[in-house]
Amino acid sequence: QVQLVESGGGLVQAGGSLRLSCAASTRTFSSYTMGWFRQGPGKEREFVAGINRNGDYTYYADSVKGRFTISRDNAKKSVSLQMNSLKPEDTAVYYCAAASTIIWGRLPTESHEYDFWGQGTQVSVSS
């Protein structure tokens, strides 16, 4: 199975930036679509960003488009989420996820479409 470990969470002021990282333990990291999800207090887990296997295609939730950037380094077996212009509503536990199933024509954006999950890292944005 794939083990994922997130890091880089913390407390920042509104308008600030934070970079999250996700380290994978699988030898076949490049075979997985990777994504970031988040879950705020009292809310359901929601899709944030996704990136395909070779990193040449990305997709973002409308709420973060233009502010967040997802990237991956297959040699280092890692995925990152650069978060800029942070808002209080970005406060959530952020999860790294890996999907093994290929969906033609799009990146997976639903939780059930991902197979492996990290433990999560807390991001808090103060107003």
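Quick notes on this structure:
- Rounded to 0.05, the FRET efficiency of the I102 and K43 pair, given R0 = 41 Å and the Cβ-Cβ distance, is 0.90.
- Percent carbon-and-sulfur accessible area, the chain, ignoring ligands, DNA and RNA, probe 1.4 Å: 46 percent
- FRET efficiency for the N74 to A14 pair, using the beta carbon distance and R₀ = 25 Å, is estimated at 0.15.
- For the stretch 93-109, 3J(HN,Hα) computed residue by residue from phi via the Karplus equation (6.51, -1.76, 1.60; θ = phi - 60°) reads 8, 9, 10, 8, 9, 10, 10, 9, 8, 8, 10, 5, x, 7, 8, x, 10 Hz, glycine and proline entered as x.
- Computed on the stretch 19-85, the Cα convex hull volume stands at 96 Å³ per residue.
- In order along the stretch 49-65, the phi-based Karplus estimate (6.51 cos²θ - 1.76 cosθ + 1.60, θ = phi - 60°) of 3J(HN,Hα) comes to 7, x, 9, 6, 5, 9, x, 9, 9, 10, 8, 10, 5, 4, 5, 10, 4 Hz; Gly and Pro are listed as x.
- Per residue solvent-accessible surface (Å²) - the stretch 60-127, probe of 1.4 Å: 50 Å²
- Each residue of the stretch 41-46 was assigned a 3J(HN,Hα) from its phi angle through the Karplus expression (A = 6.51, B = -1.76, C = 1.60, θ = phi - 60°), giving x, x, 10, 7, 5, 10 Hz with x at Gly and Pro.
- Only the Cβ atoms of Lys and Arg (+1) and of Asp and Glu (-1) were treated as charged; on that basis the dipole of the chain about its Cα centre amounts to roughly 300 debye.
The values are calculated or read from the model by the stated rules, or taken from the named source; none is laboratory data. Bear in mind the structure is a predicted one, so any value in this text is a computation, not a measurement. Using ideal geometry, Cβ is built from the backbone for each residue, glycine included, and neighbour counts are taken over all protein chains shown. Just the protein is used for accessible areas: all its heavy atoms, side chains included, with ligands, DNA and RNA removed. Shrake-Rupley method; radii C 1.70, N 1.55, O 1.52, S 1.80 Å.
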